[in-house]
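A.B. asks: Take a look at this one; I'll ask things after.
The values are calculated or read from the model by the stated rules, or taken from the named source; none is laboratory data. All of these numbers come straight from a predicted model, not from anything done at the bench. All Cβ positions, even for glycine, are placed from backbone atoms using ideal geometry, and neighbour counts span all protein chains on display. For accessibility, only protein heavy atoms count, side chains too; no ligands or nucleic acids. Shrake-Rupley method; radii C 1.70, N 1.55, O 1.52, S 1.80 Å.
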Amino acid sequence: MDKILSTGSYGICVFSLEVLQDFLKKKRVRTKKLLEKFQKNKDFYLDAQKEGIWIPFAGINSIDYVIKLEGSDVPFDDAWEERMEYDGFNIEIKDSLWISDIGSFYTFQEEEYSGKEGTYKTPYGIMCFYSGTDNSYQTLDGNRLYSSFKYEVPSGKYLLSVKGYARKQALERPNSNFGFFFSLVRVEAFEGYKNPREDTYDFNVAGCGM
């Protein structure tokens, strides 16, 4: 079954929890409002790109996406067409990689990515679940939506690439008509870095090639 990631925050991101924790400790960052920290502190954000800590893919439609990682998921088939591709983003991994709604970094809760299991209710009455392999929530009308997925990946430094796909013939909901395919190439060391926030990048696959 395909992994369907729902984003309500116009972006997704990629990170490895232990690598992120080490980086925050080194930078003496205690705030849980990490998205705001990345947005307002340029040097902090660029250091994260150089060291392969956290990769944001922002400016995308807030809809559901099929998420696939090469070697773990079946590639997109002939019912899909590739609409964009970018590569060369630094990412360091320790044991596992998370692909998540970028909104998880509004107020980042480490325990939801630490392998523990739990549930809680938001002030708005939304039930949230974390299982150690994925995070999800139940909407007020009873639908279960997923906000992040965990992949087991050998520790090391990698260059990450992302391809965006769209169905050739759109299907009705609850089917997702857009998706991202990620792949990793292991490297001994990072040489330079790419900044996914630069204007040269357009990750909005739902708006590409229309």
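A.B. asks: Please list the non-local residues whose amide H lies under 5 Å from the amide H of Lys33, H modeled 1.01 Å from N, same-chain partners needing a gap of 5 or more.
C.D. replies: When sequence neighbours closer than 5 places are left aside, the close amide H contacts are Phe108.
A.B. asks: Would you please calculate the Kirkwood hydrodynamic radius of the stretch 100-210 over all C-alpha pairs and express it in Å, rounded to one decimal? Don't skip to the end; give the middle numbers.
C.D. replies: Details: mean 1/r = 0.0584 Å⁻¹.
The Cα-based Kirkwood calculation yields 17.1 Å.
A.B. asks: Residue separation times 0.36 nm, minus the C-alpha to C-alpha distance between Asn41 and Asn195: what's the value?
C.D. replies: Length gained between Asn41 and Asn195: 54.0 nm.
A.B. asks: Using 7 Å Cα-to-Cβ label points, what is the Lys50/Glu188 separation (nm, one decimal)?
C.D. replies: 2.2 nm
A.B. asks: Hey, what do the phi angles of the stretch 41-51 turn into as Karplus ³J(HN,Hα) couplings, whole Hz, using 6.51/-1.76/1.60 and θ = phi - 60°, x for Gly and Pro?
C.D. replies: Working through the residues one at a time gives 10, 4, 5, 4, 5, 5, 4, 5, 6, 4, 8 Hz.
A.B. asks: Still on this structure, I have one more. Determine ³J(HN,Hα), in whole Hz, for all residues of the stretch 25-40 in sequence, where each value follows from phi through the Karplus function 6.51 cos²θ - 1.76 cosθ + 1.60 and θ = phi - 60°; x replaces Gly and Pro.
C.D. replies: The phi angles translate into 5, 5, 8, 6, 9, 10, 5, 8, 7, 6, 4, 4, 4, 5, 6, 9 Hz.
A.B. asks: Check which residues have an amide H placed less than 5 Å from Ser62's amide H, if you skip close sequence neighbours.
C.D. replies: For Ser62, whose amide H was placed from the backbone, the distant partners under 5 Å are Tyr10.
A.B. asks: Near Lys3, within a Cβ-to-Cβ distance under 11 Å, what is the net charge of the other residues, with Lys and Arg +1 and Asp and Glu -1? Numbers along the way, then the final one.
C.D. replies: Details: positive: Lys68, Lys150; negative: Asp2, Asp64, Asp73, Asp134.
Around Lys3, the charge tally is -2.
A.B. asks: Quick one: Karplus J couplings for the stretch 89-102, per residue in order, coefficients 6.51, -1.76, 1.60, θ = phi - 60°, nearest Hz, x for Gly and Pro?
C.D. replies: 8, 5, 8, 9, 10, 10, 6, 8, 10, 9, 10, 9, 4, 5
A.B. asks: Could you tell me the number of lysine pairs in the stretch 90-210 with C-alpha atoms less than 21 Å from each other, where the two lysines are 8 or more residues apart or belong to different chains?
C.D. replies: Working: Lys94/Lys116; Lys94/Lys150; Lys94/Lys157; Lys94/Lys194; Lys116/Lys150; Lys150/Lys163; Lys157/Lys194; Lys163/Lys194.
Number of lysine pairs found: 8.
A.B. asks: What does the net charge come to around Asp134 if you take all other residues with beta carbon closer than 15 Å to its beta carbon, with K and R at +1 and D and E at -1?
C.D. replies: After counting each charged neighbour, the total is -3.
A.B. asks: What FRET efficiency, computed as 1/(1 + (r/R0)^6) with R0 = 30 Å and r the Cβ-Cβ distance, is obtained for Gln21 and Tyr124, rounded to the nearest 0.05?
C.D. replies: About 0.60, to the nearest 0.05.
A.B. asks: Given the protein chains as shown and a 1.4 Å probe, how many square angstrom of Arg186 are accessible, to the nearest 10?
C.D. replies: Solvent-accessible area, nearest 10 Å²: 140 Å².
A.B. asks: While we're here: So what's the net charge close to Ser183: Lys and Arg +1, Asp and Glu -1, counting the other residues with Cβ under 12 Å from its Cβ? Kindly include the intermediate steps, with their values, before the conclusion.
C.D. replies: Values: positive: Lys68, Lys163, Arg186; negative: Glu70, Asp73, Glu85, Asp87.
Residues near Ser183 contribute -1 overall.
A.B. asks: Please find the FRET efficiency linking Arg173 to Arg28, where r is the Cβ-Cβ separation and R0 is fixed at 35 Å, and quote it to the nearest 0.05.
C.D. replies: Working: r = 45 Å, r/R0 = 1.29.
Step by step, r from the Cβ atoms, then E = 0.20.
A.B. asks: Would you mind working out the accessible area per residue for the stretch 99-203, using a 1.4 Å probe, and quoting it in Å²?
C.D. replies: Details: 6090 Å² over 105 residues.
I get 58 Å² per residue for the stretch 99-203.
A.B. asks: Asp77 to Asn143: FRET efficiency via 1/(1 + (r/R0)^6), r the Cβ-Cβ distance, R0 30 Å, to the nearest 0.05?
C.D. replies: Numbers: r = 26 Å, r/R0 = 0.87.
The formula returns an efficiency of 0.70 here.
A.B. asks: For semi-axes √(5λ) of the Cα gyration tensor in Å, which listed value, (i) 35, 17, 15; (ii) 44, 17, 12; (iii) 25, 23, 16, comes from the coordinates shown?
C.D. replies: Matching entry in (i) 35, 17, 15; (ii) 44, 17, 12; (iii) 25, 23, 16: (iii).
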